[in-house]
């Protein structure tokens, strides 16, 4: 019987492998047929372009078949295989735009070793200089792409390359340390380890752990914090309220808009929707479905207006677009609720009043300073961390998820406002000011902000974490003295949200969010250097002298502007929700989601020119 079961399992596994291979083969054939069908338009030419250190990067060039004079060009650099850009490249070249796709260092057909963005500040400018010297180029080049393809754009801009004209940067960060690797000082375990594993670049992990404290000499090549003044081009910065780099997109815009050189200052745009990473084309985010207006069908024409203006000196409406376009989220069950609409502003953040919501001994959240009360203590066991449920994730479920499954734990403190009689808006930076102590030399504190619906769902809005040894800076350690009370701020990044009447504002406080972040062993050891762990008895103080609270950017209702006149896009996004016959089976979709080359094809299809 056991042999039969084993044989059955082997057969099923083999069938699964065969089916997966067939799916990939069929998709490959489809892509090849599409390429063949379009091949009469433009064929890519591959070059091995030398960088300043002699390493050659594989570069595909798509040039219009008929061009009479040099033209502005578009560069896309990717770690996910430049072959996935072929349809986009041919489409753009067919419509007159020379397009260049390149495998980043150490990736696919390129030479060298993948240094995980540490060479982008030189490889990007070297590639731009090569393009500028081609006969079909007028020396003005736009860059394009999201996530990893956006990070390389930020780092390229920091070198102030002469031929860079403008950028479209989607869901990325200009500071790899702060927003990707060590938010709040704690290692972002799942995203970093899983992404590097998918890249085949886990060899760099020990080096990253060894440099857990921020230093200019190690992290400067993957951050713009020390050289914003070298950025001299405008950019469109696209982000999502549930994205993995929400604050990175905002900080990127602010750096370009206010701290950059004259070529960039005051010329950038920021767009933030209610999106997870890669979710701008769908209404479903996590466990919530937003209205149809939440889909991004307007950044594409804005991109083309920018490119035409800055690479071809064409007259466009780019400068007339608002500097900031953001989606204020709201109750998705009530069509008459406030929110769930696009608004615009001249800068970020919009004017707000910082309103403190204090944690009370009875578990409520109120704007009144608490009476004297006993502190609240819980036990944090590193071997039983609070599991991650939604939020800004990459490889695990992301977006707004119901937090009730973890709110009944003894190591989670929950504070809820009274039921709201009128809607309440918070738009801007969110943080929690905590007075805390521990009996360990180090521990973490986590804070979640949620919307409690009338049916009891506690839907995540945003969250944050602080590694206590980094409470006064991520460039050094300050271990805790057991029993000493510390005042700290936990950064929950930013949001724009309206709690509907009948809802409640809720805050969850704990000491772990695993596997998104590494579970702190509560010892004095560095990342992954502990050989043991300790139970931490962590205490939150909620009295009149030490009033722990949530600080919300309060906005009076109906005081910000609503953008009503969107320009039409070149190609309207197709909502899968409206065409269920186009929806792929879940298992097939999961397979496709793990094939980067296919992800690139689907992600950028809205930018194809009809």
Order these by the 10 Å Cβ neighbour count, fewest first: 485, 61. 485, 61
Pseudo-spin-label distance residue 408 to residue 361, built 7 Å along Cα→Cβ, given in nm, is 2.8
Semi-axis lengths (Å, descending) of the ellipsoid that matches the C-alpha gyration tensor of segment 103-143: 23, 11, 7
Apply the a/c threshold of 1.5 to the C-alpha gyration tensor of segment 207-328 and tell me whether it is rounded, prolate or oblate. oblate
Can you give the FRET efficiency to the nearest 0.05 for residue 211 and residue 292, using r as the Cβ-Cβ distance and R₀ = 41 Å? 0.35
Please give the Cα centre distance for segment 157-205 versus segment 331-383, rounded to the nearest Å. 30
Label zone at residue 478 (point 7 Å along Cα-to-Cβ), backbone N below 18 Å, segment 423-437: 432-437
Taking max minus min of the Cα coordinates of the chain on each principal axis, largest first, gives extents in Å of 79, 70, 53
Within the chain, helix-based [θ] at 222 nm, where runs of 4 or more DSSP H residues each add -39,500 (n - 2.57), nearest 500: -6500 deg cm²/dmol
Note on segment 353-555: alpha-carbon gyration tensor, axes a ≥ b ≥ c; rule is a/c under 1.5 for rounded, else prolate if a/b larger than b/c, else oblate; result prolate
Quick one: if you stick a label point 7 Å off each Cα along the C-beta vector at residue 46 and residue 608, how many nm between them? 2.3
Could you please rank 505, 86, 113, placing first whichever residue has the fewest other Cβ atoms within 10 Å of its Cβ? 113, 505, 86
Computed FRET value (nearest 0.05) for residue 557 with residue 313, which takes r as the C-beta separation and R₀ as 41 Å: 0.40
Gap separating the Cα centres of segment 406-478 and segment 245-264, nearest whole Å: 27
How do 433, 467 rank when sorted from fewest to most other Cβ atoms within 10 Å of their own Cβ? 433, 467
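Bear in mind these aren't lab numbers, they're just calculated from the coordinates by the rules spelled out. The model shown is predicted, which means the values in this text are computed figures rather than measured ones. No Cβ is skipped: glycine too gets one built from the backbone with ideal geometry, and neighbour counts run over all protein chains shown.
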